[in-house]
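Written below as structure tokens is the structure these notes are about.
The values are calculated or read from the model by the stated rules, or taken from the named source; none is laboratory data. The structure presented is a predicted model; accordingly, all values stated were derived computationally and were not measured. Positions of Cβ are generated from backbone atoms using ideal geometry, with glycine treated the same way; all protein chains shown enter the neighbour counts.
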Amino acid sequence: MSETATVKVLGISGSLRKSSHNSAALHAAGELMPEGMTLASAEISDFPLYHDDIRLKGYPPPLQRFRAEIAAADAILFATPEFNWSIPGVLKNAIDWASRPPDQPFSGKPYAIIGAATGILGTARAQFHLRQICTSVDMIPVVKPEVFITFAAAKFDAEGRLVDQATRDLLAQLMTNLRDWTLRLRRSKT
């Protein structure tokens, strides 16, 4: 693949936990990407709670950094846990901050979602809610394959490596689809 075909992906984990399965899944996505992709991870743990009075005075430096990372990325990969049948507040807070004017950086970005949970549904409900949020901020989804990492404790080893081959295969396919979709959208703009 040529240098111009590189797809820069920004990974955003909705978990702040050091040994997070979702952050580990983002790391696995980086290992399983096809040629022509790079993956950088966003840091969202230092964001204040969204407050429009603060935003109107100017975005705090951590949010300026995050918005610039989104703007520089060609695509976004979300990794979300599921809390109370939805996405974690920290992820919603990050999206709320980034999606405000001016120059809303999510608009027109292709994205994909993965999620890991210890239960049988593997973040299916959280991913559904996240898709609704992404639609509201004008993002363009890659919808297949859906990657719901169920019973996550058994699919990662003690060092946090994704060891379940079926899940690795799904994740690799999703990353290929995200690359191809991003390049297709890029070509349609020229």
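Values computed for the structure shown
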quantity	calculated
Out of ALA166, ALA112, sole residue that is in contact with a helix residue (DSSP H, G or I) (Cβ under 7 Å, 6 or more places away or on another chain) and of a type in the set (A, V, I, L, M)	ALA112
Which numbered condition LEU77 fails, given (1) farther than 30 Å from ASP53 by Cβ; (2) in a helix (DSSP H, G or I); (3) within 15 Å of the chain's Cα centre (by Cα)	(2)
Some residue of segment 102-110 being in contact (Cβ under 8 Å) with a residue 40 or more places away in the chain and charged (D, E, K, R)	no
Residue that is nearest to SER23 (Cα to Cα) [pool: residues in segment 156-190 that are touching a residue at least 40 places away in the same chain (Cβ under 8 Å) and among the aliphatic types (A, V, I, L, M)]	LEU162
Filter result for SER23 (more than 14 Å from the chain's Cα centre (by Cα) and either on the phi < 0 side of the Ramachandran plot or in a helix (DSSP H, G or I) (or both))	no
Lone unmet requirement of (1) surrounded by fewer than 22 Cβ atoms within 10 Å (Cβ to Cβ); (2) in contact with an Asp or Glu (Cβ under 9 Å, 6 or more places away or on another chain); (3) more than 17 Å from VAL9 (Cβ to Cβ) for PHE106	(3)
Test: ALA29 is in contact (Cβ under 8 Å) with a residue 40 or more places away in the chain, in a helix (DSSP H, G or I) and under 17 Å from VAL142 (Cα atoms)	yes
Every pair of residues 6+ apart whose Cβ atoms lie under 7 Å, when the first sits in segment 35-49 and is at positive phi while the second is modelled with pLDDT under 95 and not charged (D, E, K, R)	GLY36/MET1; GLY36/ALA5; GLY36/THR6
Residue check, TRP181 in contact with a Phe, Trp or Tyr (Cβ under 9 Å, 6 or more places away or on another chain), in a helix (DSSP H, G or I) and not small (Gly, Ala, Ser)	no
